[in-house]
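Asks: This structure is in structure tokens; I'll ask about it shortly.
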Amino acid sequence: MTASPSSLPARPIVRLKPKADAQRIRRGAPWVYADDIVTDRRTKAILPGSLAILQDAERADIGLVAVNGLSKIMVRILSTAVDDAVDQAWFERRIAKAQALRARLYDTPYYRLIHAEGDGLPGVVIDRFGDLCVVQPNAAWAEERLDFLVDALMSVTGVTRVYKSASGRTRELEGLDTESAMIRGSLDGPIPVEMNGATYIADIAGGQKTGLFYDQRANHAFAASLAEGARVLDVFSHVGGFGLAALAGGAASALAVDGSQPALDLAEQGAAASGFADRFETRKGDAFKTMEALLNEEASFDLVVADPPAFAPSKSALNNGLTAYSRVGSMAAKLVAPGGYLVLCSCSHAADLTKFRQASLRGIARAGRTAQLIHTGFAGPDHPMHAALAESGYLKALFLRLD
């Protein structure tokens, strides 16, 4: 349902340059960069987060958009209906559609509820933890309409608590603040989340991103299927993601390595809550230095997992990032027992699957190992890809069996 045109305030026009590919946008591309927009005096006067009508160079309407002249992504497509009222009801329709998908996929309400462009809410991420949702309004248009968004979220889902997470470089690129806070209800402490037979402890306010990485759930499960009786090393473990899943899958032991002591403390709490404390150890330290130390100790593992932060978060960082992924592959491969398994992950938007795989295999070869690629994993189905946005397929996981 749309508001009548007469009830809406007049919306400014933003126009594509003649060289811009209007058909690409009409086919579903959700972003328009500043270089493709006519930036005259009127366009520059549009306040960040404002709604506007996007037109092609011939002045034909394309859709309703959010504008932010402070961002390289100057225009985000919200709707093909230029007279849509972006109010609470508008948010409710999109959230209800997203929730219907998750309700079909998961038995309990612990998942990514809104995955930005993939769910029709550009720049918005929402993770659900039972009766609490963590909202990341990473675009100015969503920040400006946060009350509509939150009221719609509570109405559709029935959650009683909402936390705004404002961390991360994306908000800074949009010219937004980085102050996180509870905006509905209260937060009593970390939240236990059951996945793949293990209990994880999510620190909503003090942890990374929203406190837990739901995107790896399916990859945790595949790794667990390889873990029966295995000695497991989980490098860049955060709150114990792969290690706890492996223990649930029957691993003999798991060693979690991370640079954050608070994350390792949460991993230990998760292991205790899962009944795995006697098979779980942690080691705080730089991942590369710790792997080097393990090599010097002549340690060997049946399953080694390396799930680092984004080494290539942008195109400018790609070459250095690929070098880092190759180095991880080399060092981790040396720690895998003959016939064991190696899992290498990347969450870098700029490093596509082919580049990441090539870099990883170069590292494995330098370690003097040969590999069989037995499975390639991606983000779970609660992280749907936008069909016209390759960047939304950011997560890759390579499962390899080494000689």
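Asks: Being assigned to a strand (DSSP E or B), surrounded by 14 or more Cβ atoms within 10 Å (Cβ to Cβ) and among the charged types (D, E, K, R) is true for just one of ARG15, ARG11. Which residue is that? Spell out how you get there, then give the answer.
Replies: On the way: ARG11 fails: assigned to a strand (DSSP E or B).
Within the list ARG15, ARG11, the selection yields ARG15.
Asks: In region 158-176, is there at least one residue being open to solvent by less than 10 Å² (accessible area, probe 1.4 Å), of a type in the set (A, V, I, L, M, F, W, C) and in a helix (DSSP H, G or I)?
Replies: no
Asks: Please state which of the following conditions ALA317 fails to meet, knowing it meets all the rest: (1) open to solvent by less than 40 Å² (accessible area, probe 1.4 Å); (2) of a type outside the set (Asp, Glu); (3) in contact with a strand residue (DSSP E or B) (Cβ under 8 Å, 6 or more places away or on another chain); (4) under 30 Å from VAL124 (Cα atoms).
Replies: All conditions pass for ALA317, except number (3).
Asks: List, please: which pairs have Cβ atoms under 9 Å, are six or more places apart or on different chains, and start with a residue in region 296-308 that is among the basic types (Lys, Arg) and end with one that is part of a strand (DSSP E or B) and crowded, with 18+ Cβ neighbours inside 10 Å?
Replies: none
Asks: May I ask you to verify whether ALA371 is open to solvent by less than 30 Å² (accessible area, probe 1.4 Å) and at pLDDT 95 or above? Give the derivation first.
Replies: Values: open to solvent by less than 30 Å² (accessible area, probe 1.4 Å): no; at pLDDT 95 or above: yes.
It is false that ALA371 is open to solvent by less than 30 Å² (accessible area, probe 1.4 Å) and at pLDDT 95 or above.
Asks: A follow-up question, please. Any idea which residue in region 184-228 is farthest from LEU400 (Cα to Cα), counting only those that are open to solvent by 40 Å² or more (accessible area, probe 1.4 Å) and acidic (Asp, Glu)?
Replies: Among those residues, the one meeting the criterion is ASP188.
Asks: I'm checking my understanding of the structure. Among residues of region 131-157 that are more than 17 Å from ALA116 (Cα to Cα) and not hydroxyl-bearing (Ser, Thr, Tyr), which one is surrounded by the fewest Cβ atoms within 10 Å (Cβ to Cβ)? It would help to see each step written out before you state the result.
Replies: Step one: filter region 131-157 for residues more than 17 Å from ALA116 (Cα to Cα), giving 131-132, 147, 151, 154-157.
Next cut, not hydroxyl-bearing (Ser, Thr, Tyr) only: 131-132, 147, 151, 154, 156.
Values: ASP131: 13, LEU132: 22, ASP147: 10, ASP151: 16, MET154: 17, VAL156: 19.
Step by step, filter region 131-157, then rank; the result is ASP147.
Asks: Output yes when any residue across region 323-336 is buried (at least 21 other Cβ atoms within 10 Å of the Cβ), part of a strand (DSSP E or B) and touching a residue at least 40 places away in the same chain (Cβ under 8 Å), and no when none is.
Replies: Looking for residues that are buried (at least 21 other Cβ atoms within 10 Å of the Cβ), part of a strand (DSSP E or B) and touching a residue at least 40 places away in the same chain (Cβ under 8 Å), one finds at least one in region 323-336, hence yes.
Asks: Also: Please enumerate the residues belonging to region 351-368 that are open to solvent by 10 Å² or more (accessible area, probe 1.4 Å), touching a Ser or Thr at 6+ places or on another chain (Cβ under 6 Å) and not in a loop (DSSP other than H, G, I, E, B). Spell out how you get there, then give the answer.
Replies: First, the residues of region 351-368 that are open to solvent by 10 Å² or more (accessible area, probe 1.4 Å): 352-355, 357-358, 361-362, 365-368.
From what is left, the residues that are touching a Ser or Thr at 6+ places or on another chain (Cβ under 6 Å) are 362, 366-367.
Across region 351-368, the qualifying residues are ARG362, ARG366.
Asks: Just name the residue that is surrounded by the most Cβ atoms within 10 Å (Cβ to Cβ) out of those in region 269-289 that are acidic (Asp, Glu) and either in contact (Cβ under 8 Å) with a residue 24 or more places away in the chain or part of a strand (DSSP E or B) (or both). Break it down into steps so the answer makes sense when it comes.
Replies: Within region 269-289, the subset acidic (Asp, Glu) is 278, 281, 286.
Checking which are either in contact (Cβ under 8 Å) with a residue 24 or more places away in the chain or part of a strand (DSSP E or B) (or both) leaves us with 281, 286.
On the way: GLU281: 16, ASP286: 12.
By that ranking, first place goes to GLU281.
Asks: Here is a follow-up. In region 56-81, which residues are touching a helix residue (DSSP H, G or I) at 6+ places or on another chain (Cβ under 9 Å), over 19 Å from HIS386 (Cα atoms) and not β-branched (Val, Ile, Thr)?
Replies: Within region 56-81, ASP56, ALA57, GLU58, ALA60, ASN68, GLY69, LEU70, SER71, LYS72 qualify.
The values are calculated or read from the model by the stated rules, or taken from the named source; none is laboratory data. Everything numeric here is computed off the predicted structure, so don't read it as measured data. Here Cβ is always computed from backbone atoms with ideal geometry, including for glycine, and neighbour counts include all displayed protein chains. Side chains are part of the model used for accessible areas, which takes the heavy atoms of the whole protein and leaves out ligands, DNA and RNA. Shrake-Rupley method; radii C 1.70, N 1.55, O 1.52, S 1.80 Å.
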